[in-house]
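Readers should treat all values here as calculations from the given coordinates under stated rules, not as data from a laboratory. Everything quoted here is computed from the prediction, not taken from an experiment. When we count neighbours, we look across all protein chains shown, and the Cβ atoms used for this are built from the backbone with ideal geometry, even at glycine.
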Amino acid sequence: MTNFGIKKNFGFGLMRLPLKGEDIDIEKVIEMVDLFMSKGFTYFDTAYGYNNGKSEMAAKAAIVDRYPRESFQLATKLPAWAGPKTAEEARQMFWTSLERTGAGYFDFYLLHNIGGSRLQKFDEYGMWDYVQELKEKGLVRHIGFSFHDNAELLDKLLTEHPEMDFVQLQLNYGDWESVTVQSRKCHEVAVKHNKPIIVMEPVKGGTLANPPESILKVLKEANPDASPASWAIRFAASLENVFMVLSGMTTLEQMQDNLSFMENFQPLNDEEMAVIEKVRAMLDAIPRIECTGCGYCVKECPQGIHIPQFFDAANRYYVFGDLRNAKASYLIETRFGSAKGSECIACGSCEAVCPQKLPIIEEMKKTVELLEAK
């Protein structure tokens, strides 16, 4: 398993950059980038669609235009499902990203957000072969994909595409046994295929940086000086085959905290891992919708509602009290092929096939009230 010659295993995710009104605050980004680089960190992650393209332009202004090209690694991503009507339009996304960033080439280039119905566009437009062509031409150095789906599909893709140099996965202790994210199972698949792993969402969209009070108490008793984010990020960075952990930082204070424990990174020891296990058990004990994500209900739903994903979003609120990200997860699912929960016609087809005998209709009403409310 390689680290691609990168000296430090912590990357700056450019998805949640500070804003000034509706625009990215470049001055603050520059301040964060300079601190990041001064500590010996060199990996930056953006994407074609982040901030409607403004993230890639911010990468140019704060990084590419100000540092020698060989002094940093830049990653970006191609979302073939997000608008293109032809293979040519999908391929053009690469050139748009190259122009926005002015990078000349990308160190890491990813097919973005593979999973669900989105996979079809990558296959239809021949994007697997396309990124290989870009690599052969020297326009990208390493190719891979970011993944949001189940472990079974990941296994299938890594079997069919051994040419992929790495995979980017959502790995965190909060989603470790999640029935929809399947962090543990996806990690095991990547290790089985001996694929280097980039970790995204190590703090679960900020949720694990602000855990429930009961969880915070356990973490503080174990180490009063360690931030909740440090536990989550070090957990992810300690996993087998992980060579890079990304953090989408918005403030200089977040950057300073993360650098404080990643500058001289130490994997979690056995005692610390036991604390994580205890915390995970506490999270699992918090009441939630007991959906196992089998998906039988979705196959029977005449409205095409992604019931398990909506219940997972609701559980984000029930377990972590994180209504903002719960609503965001719900909204994202509606944009990726699901009808809204409010379109449920209460036909009962879902409940008839649910192995857990869940009152799906009633739970969906509650989920709609919670997550569709303004």
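How long are the semi-axes of the equivalent ellipsoid of the stretch 1-97, defined as square roots of 5 times the Cα gyration tensor eigenvalues? Whole Å, largest first.
Working: eigenvalues 118, 68, 23 Å².
Value: 24, 18, 11 Å, ordered largest first.
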Exposure proxy ranking, count of Cβ atoms within 10 Å, fewest first, for 289, 345, 63, 114 | 345, 289, 114, 63
Given that just one value was derived from the coordinates, which of (1) 28, 60, 13, 0; (2) 24, 48, 24, 3, 0, 0; (3) 31, 57, 11, 0 is P(r) over Cα pairs in 20 Å bins from 0, in percent?
-> (1)
Shape call, the stretch 100-143: gyration tensor on alpha carbons, a/c limit 1.5 = prolate
Positive-end residue, the chain charge dipole about Cα centroid, Cβ charges, pick of 315, 101, 42 | 101
Signed unit charges on C-beta, dipole axis of the chain, positive-most listed residue 224, 259, 285 | 259
Debye log10 I(q)/I(0) at q = 0.17, 0.20, 0.25 Å⁻¹ for the stretch 296-371, Cα point scatterers | -0.58, -0.80, -1.18
Under the classification rounded if a/c is under 1.5, otherwise prolate if a/b is larger than b/c and oblate if not, where does the stretch 8-51 fall, given a ≥ b ≥ c as square roots of the Cα gyration tensor eigenvalues?
-> oblate
Going through the DSSP H helices of the chain, which span 20 Å or more along their own axis at the Cα atoms while scoring at least -0.5 as a mean Kyte-Doolittle hydropathy?
-> 270-285
Treating the beta-carbon of each Lys and Arg as +1 and of each Asp and Glu as -1, no other charges, what is the dipole magnitude of the stretch 270-370 about its Cα centre, to the nearest 20 debye?
-> 420 debye
When 17, 358 are arranged by how many other beta-carbons sit within 10 Å of their Cβ, fewest first, they go 358, 17
Run the dipole for the chain about the Cα centre, Lys and Arg Cβ at +1, Asp and Glu Cβ at -1, nothing else charged, and hand back the magnitude in debye, nearest 20.
-> 360 debye
Which residue, 256, 266, 170, tops the fluctuation ranking in a GNM of the chain built on C-alpha contacts under 10 Å?
-> 266
What order do you get for 331, 239, 110 when you list them from fewest to most C-beta neighbours inside 10 Å?
-> 331, 239, 110
